[in-house]
1. Restricting attention to strands (runs of 3 or more DSSP E) lying wholly within the range 1-105, give those where 3 or more residues are touching a strand residue (DSSP E or B) at 6+ places or on another chain (Cβ under 9 Å) and over 30 Å from residue 163 (Cβ atoms).
2. Please pick out the residue among 243, 239, 266, 210 that is assigned to a strand (DSSP E or B) and in contact with a strand residue (DSSP E or B) (Cβ under 9 Å, 6 or more places away or on another chain).
3. Is it the case that residue 185 is at pLDDT 95 or above and more than 24 Å from residue 254 (Cβ to Cβ)?
4. Is it the case, given these coordinates, that residue 180 is modelled with pLDDT of 95 or more and within 30 Å of residue 106 (Cα to Cα)?
5. Only residues in the range 217-240 that are without any contact (Cβ under 8 Å) to a residue 24 or more places away in the chain count as the first member; pair them with residues that are assigned to a loop (DSSP other than H, G, I, E, B) and surrounded by 23 or more Cβ atoms within 10 Å (Cβ to Cβ), Cβ under 8 angstrom, at least 6 apart or cross-chain, and list the lot.
6. Collect the residues in the range 214-236 that are farther than 22 Å from residue 134 by Cα and in a loop (DSSP other than H, G, I, E, B), keeping them in residue-number order.
7. I need the full set of residues from the range 198-207 which are in contact (Cβ under 8 Å) with a residue 24 or more places away in the chain and either over 22 Å from the mean Cα position of the chain (by Cα) or assigned to a loop (DSSP other than H, G, I, E, B) (or both), in order please.
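The values are calculated or read from the model by the stated rules, or taken from the named source; none is laboratory data. What you see is a predicted model, and the numbers here were worked out from it, not measured in a lab. Here Cβ is always computed from backbone atoms with ideal geometry, including for glycine, and neighbour counts include all displayed protein chains.
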């Protein structure tokens, strides 16, 4: 078996990737994006005799700098298990940083090998669709982010709580050391100000749920959280209002990525019916 580091994907490589991912355009796009990324740190071709090869693209993430993101292209219908094992061993020795894989059930063979090599599954993520619903009034005072957007203290509290909730739910794949302004930009990028809500105590945010523009008539539920467990119940009132807003705007559904490491997202799923449309598993060595 051979491992060959390559500078770029040549025509033969591209044709191979197109062929094995012919029915998986999302996987093709993700691997090409990794290969073309300015933060790419390695392209490799693995081969074994006359059998089909395997292509690996490794890139770094500015947001999560403590590992390298690993994407593989191989025949998903007839995976070469020995070549996969050789690839994982090689890449594990090649990089000082841990290898990070985010896989769905199309990569069952790879997931089994990662477990054999001692890669723990650090997170399960369910992508869920929540249907809009009529809002039943309650006594919780909800305020839109649009209403506090000019209040520096309130907005700083929102960004700080968003940072804390995200950081505490990504311990196994820690976030980098970013400026407060960077966090603010990430939180506000694409935010639907009129349909994102907070609960305040003075100018302190106790709970929040932020909606973003999605694709094809849907919204995405992004950052959610509360300042402590005793205020988790506040998320119920916020989500109910957001589902009502979605119904009034004739939104088809609200999509949410529910991480097994996030108590806030898990709490939301206890309060409303939902449909799981995709499941992802994160592994890191």
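1. Numbers: elements: 2-6, 40-47, 54-60, 68-73, 99-103.
By residue number, 2-6, 40-47, 54-60.
2. Working: 243 fails: assigned to a strand (DSSP E or B); 239 fails: assigned to a strand (DSSP E or B); 266 fails: assigned to a strand (DSSP E or B).
Of 243, 239, 266, 210, the one residue that is assigned to a strand (DSSP E or B) and in contact with a strand residue (DSSP E or B) (Cβ under 9 Å, 6 or more places away or on another chain) is 210.
3. Criteria not met by residue 185.
4. On the way: modelled with pLDDT of 95 or more: yes; within 30 Å of residue 106 (Cα to Cα): no.
Spelling it out, it is not the case that residue 180 is modelled with pLDDT of 95 or more and within 30 Å of residue 106 (Cα to Cα).
5. From the range 217-240, no pairs qualify.
6. Looking only at the range 214-236, we keep the residues that are farther than 22 Å from residue 134 by Cα, and these are 215, 223, 225-231.
Residues satisfying the conditions are 215, 227, 228.
7. Of the residues in the range 198-207, the ones in contact (Cβ under 8 Å) with a residue 24 or more places away in the chain are 198-200, 203-207.
Listed by number, the residues that qualify are 198, 199, 200, 203, 204, 205, 206.
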